[in-house]
Amino acid sequence: MTPTWDLSALVNAADPKAGQAERHLWLVRLLEWLRHAPAKGRARADASVAPQLARLGLLLKAAETQPEFRARLQQMLERFWREIDKASLFAEFGFGARHSLFGEVGRRLRVQWLPQTPDTPDLAELFQLLFRPEDMHWIAQLDDATLQRVAALIAPGDASGWRPAMLDAITILVSAVHSSGFLPPLRRRMDRQALAAEPFRQLTRAADAVREAVAEGRHADALREASFLRALLDACRQAADSVTGHLEEYGVSVDIVYELDQMRCRTLRIEALLNCVLAPAPLAELRALVLELLHVAEDERGLRRLLARHYSLLARQVAERSAETGAHYITRNGAEWRAMLRAAAGGGAVIAGTTYLKFAIGALGLAAFWNGFWAGANYAASFVLIMLLHWTVATKQPAMTAPAMAEQLTAGIGDAEVEAFVDRVAQLIRSQAAGIIGNLAVCGPLALAIQLVWEGLFGVPLVGEHQAEYVLHSLTLLGPTLVYAAFTGVLLFSSSLVAGWAENWFVYHRLDSAIAWNPRFVARLGALRAQRWAAWWRRNVSGIVANVSLGMMLGLVPALASFFALPLEVRHVTLSTGQLAAAAGALGLDVLRLPAFWWCVAGIVLTGVLNVSVSFWLAFKVAARSRGIQVRERKRIAAAIARRLRRDPLSFVRPPRD
């Protein structure tokens, strides 16, 4: 709890001869007294500013009417400014010392969890003890007259004393920007045209020219040199912005995104310092700089905003890589719809075989982990086979197609873009209908036929009655089927993220180039075959990783969850259909009279809906956030879809005419 101080006690406690820690602690208490407001003053946000301004007026009046207090306070502040490192506040506050996002996360955690000490000569460290982010509200309302009185108190006749520290900070910041511009991961991704004038190389000379002109009092030359430095900083920002245009070729990492953000922020800080250094009366510029530092202090107190900002570009790149593979899942005309139906039929045939392999693995009586592992391997192999044969599994579509659909909105969220997006939604739902119909129309009958043919040939069913009864018990709508179906949708979405990350990792490390040109690979495979392998992996790495990760998650996640006593299972609409068909073959025609069978049919219908909707919703949410689509814009999109449903519901179901 903040101790209660009054102005008299603060005046008496001011001791210019005290040690550094005591003097800094006194300043901390002074700021605490200044921002302290009565309880009733905190009731409204507009009323919470007045007490700070009133207390500041009392402090200034006391200093102006009490010469002893004024002299004591100014002696303390004079010693404070002489011994403190002011340049560190301007050059280092808000910036990480390492070129690593995770290093910055660790630093912020230490600031949050470990107590800070006022016994420091570093103004960047002391700043967060002195000020709080909410101080920006009352500081922003200070008028020019009050600012003049404050300046006369805290830095009498020494307004220019800040300029050397700011010039030092500009030198430090320019050095950091110069260094970032020559980091290989960034420079490799920058546009060559943006680097043609070598803006990073010229920064140091331009900053030295500004410093020399200011030190010699050549104001006109300083303005001219500062104008050139600003142009270089703008060119550096343009070069940094060009990095995002080469992500398809080179990939991206969180450290690259973090370093780009740090570079942009440093260039903006340099410009803010230039404003203060070059202004004849820099009070307004100093206030703007303090407000910016308070914004940084607010940002430094949390990890959520840091991670959200620096993962947004990575999320967009992962989403765009999913969009590349997802665009071909959206059918636009009748011919594509029928092609999707045929591809889904092929996928359903493979899943019918997958179903019986799953029963066979379960019959081995393996331990939970190995049963889940081999079940996952079975699913993964089946999904990869379907991909290599250019067939499809319907539920894999939504997580891939959502980023492709969100890409429609990158040009804007006007009426035309929203209507175009609704058209894509209708195309997606029709595609889903084709995929699910094709999968189930072949998987169910084929699984039933395999069961009946096997029993006819060998006299025993592939799936016994005990297994069939378990299927009816587990797939029924009366149990937790819907929860498991939604959970499976999460796994479907997760596989798309893993696929996008893997392709980005593949491109970032230039493995396609390594396969094509590595001397050992070329010697072993031959030049032409190495290039074909490189192109094949570049085209298919996302699909292979998506299918393998999905299959292994479907098999292993329930097994791993059982170790923690979590009752999680998976419910995949096509796999469930194959299991139910096999169970029906084991139980015979009498199964059609059982209510349990029809509860399972209803469960499969809703399983398909949840598999598709949950995976699509999660993927679209990530894709929308990565493109900066706001919540209100998503509501507009939802309203437009609802209007289309009321006006033309069949457009979401029937295939379009050619």
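Looking only at residues that are farther than 30 Å from K61 by Cα and among the aliphatic types (A, V, I, L, M) in the stretch 99-155, which one is modelled with the highest pLDDT?
L114
Of all helices (runs of 4 or more DSSP H) completely enclosed by the stretch 557-658, which ones contain at least 2 residues that are in contact with a Lys or Arg (Cβ under 7 Å, 6 or more places away or on another chain)?
Working: elements: 573-587, 595-626, 631-647.
Qualifying helices (runs of 4 or more DSSP H): 595-626.
Output the number of residues of the stretch 314-344 satisfying the condition of being closer than 30 Å to E469 by Cα and either acidic (D, E) or modelled with pLDDT of 95 or more (or both).
Here is the first cut: in the stretch 314-344, the residues closer than 30 Å to E469 by Cα are 344.
Cutting the leftovers down to either acidic (D, E) or modelled with pLDDT of 95 or more (or both) gives us none.
Of the residues in the stretch 314-344, 0 are closer than 30 Å to E469 by Cα and either acidic (D, E) or modelled with pLDDT of 95 or more (or both).
If the Cβ limit is 9 Å and pairs must be 6+ apart or interchain, which residue in the stretch 447-467 that is over 11 Å from Y356 (Cα atoms) pairs with which residue that is among the basic types (K, R) and surrounded by 14 or more Cβ atoms within 10 Å (Cβ to Cβ)?
Hits for this filter: zero, empty list.
How do the helices (runs of 4 or more DSSP H) wholly within the stretch 115-191 filter down when requiring 1 or more residues that are touching a strand residue (DSSP E or B) at 6+ places or on another chain (Cβ under 7 Å): which remain?
Numbers: elements: 123-130, 135-139, 144-154, 162-181, 184-187.
Per the criteria, 123-130.
Go through the stretch 18-48 and count every residue that is more than 17 Å from I139 (Cβ to Cβ) and modelled with pLDDT of 85 or more.
Selection size over the stretch 18-48: 10.
Among what's in the stretch 441-471 and is of a type in the set (G, A, S) and assigned to a helix (DSSP H, G or I), pick the residue that is surrounded by the most Cβ atoms within 10 Å (Cβ to Cβ). Show your work before the answer.
Residues of the stretch 441-471 that are of a type in the set (G, A, S), as a first pass: 441, 444, 447, 449, 456, 459, 464, 468.
If we keep only those that are assigned to a helix (DSSP H, G or I) as well, we get 441, 444, 447, 449, 456, 468.
On the way: A441: 15, G444: 24, A447: 29, A449: 13, G456: 9, A468: 22.
Among those that are of a type in the set (G, A, S) and assigned to a helix (DSSP H, G or I), it is A447.
Within the stretch 494-522, can you find the residues that are small (G, A, S) and more than 30 Å from V612 (Cβ to Cβ)? Can you show your working first?
Residues of the stretch 494-522 small (G, A, S): 494-496, 499-500, 502, 513-514, 516.
Matches in the stretch 494-522: S513, A514, A516.
Of the residues that sit in the stretch 241-277 and are within 18 Å of K86 (Cα to Cα), out of contact with any Lys or Arg (no Cβ under 6 Å at 6 or more places or on another chain) and in contact (Cβ under 8 Å) with a residue 60 or more places away in the chain, which one is surrounded by the most Cβ atoms within 10 Å (Cβ to Cβ)?
Among those that are within 18 Å of K86 (Cα to Cα), out of contact with any Lys or Arg (no Cβ under 6 Å at 6 or more places or on another chain) and in contact (Cβ under 8 Å) with a residue 60 or more places away in the chain, it is I270.
Please identify the pairs in which a residue from the stretch 608-620 that is in the same structural domain as Y484 (by TED's automatic domain parsing) has its Cβ atom under 9 Å from the Cβ atom of a residue that is among the basic types (K, R) and surrounded by 21 or more Cβ atoms within 10 Å (Cβ to Cβ), counting only partners at least 6 apart or on another chain.
Close Cβ pairs satisfying both conditions: L610/R571; N611/R571; S615/K396.
Just give me the residues in the stretch 61-80 being of a type in the set (A, V, I, L, M, F, W, C) and surrounded by fewer than 16 Cβ atoms within 10 Å (Cβ to Cβ), in sequence order.
Taking the stretch 61-80 and keeping what is of a type in the set (A, V, I, L, M, F, W, C), we get 62-63, 69, 71, 73, 76-77, 80.
A71 - this is the single residue of the stretch 61-80 that is of a type in the set (A, V, I, L, M, F, W, C) and surrounded by fewer than 16 Cβ atoms within 10 Å (Cβ to Cβ).
Would you check which residues across the stretch 52-74 are in contact with a Phe, Trp or Tyr (Cβ under 8 Å, 6 or more places away or on another chain) and either within 13 Å of A152 (Cβ to Cβ) or free of Cβ contacts under 8 Å to residues at least 12 places away in the same chain (or both) and list them?
Within the stretch 52-74, just A63 meets the criteria.
Could you grab the pairs with beta carbons closer than 6 Å, sequence gap of 6+ or different chains, first residue in the stretch 587-605 and at pLDDT 95 or above, second one in a loop (DSSP other than H, G, I, E, B) and among the aliphatic types (A, V, I, L, M)?
W599/L477; W599/L478; A602/L477; G603/L477
Given the conditions (1) modelled with pLDDT of 90 or more; (2) not in a helix (DSSP H, G or I), report the number of the one that F90 does not fulfil.
Of the numbered conditions (1) modelled with pLDDT of 90 or more; (2) not in a helix (DSSP H, G or I), the odd one out for F90 is (2).
Checking P595 against (1) more than 22 Å from L492 (Cβ to Cβ); (2) crowded, with 20+ Cβ neighbours inside 10 Å, which test does it fail?
The single condition P595 does not satisfy is (2).
List every residue pair whose Cβ atoms sit under 6 Å apart, with the two residues 6 or more apart in sequence or on different chains, where the first one lies in the stretch 137-156 and is among the small types (G, A, S) and the second, anywhere, is buried (at least 16 other Cβ atoms within 10 Å of the Cβ) and not in a helix (DSSP H, G or I).
none
Residue under question is L89, and the condition is that it be within 43 Å of the chain's Cα centre (by Cα) and among the aliphatic types (A, V, I, L, M); does it hold?
Working: within 43 Å of the chain's Cα centre (by Cα): yes; among the aliphatic types (A, V, I, L, M): yes.
The answer is yes for L89.
The values are calculated or read from the model by the stated rules, or taken from the named source; none is laboratory data. All values reported here derive from a predicted model rather than from experimental measurement. Cβ atoms come from the backbone with ideal geometry, glycine included; neighbour counts cover every protein chain shown.
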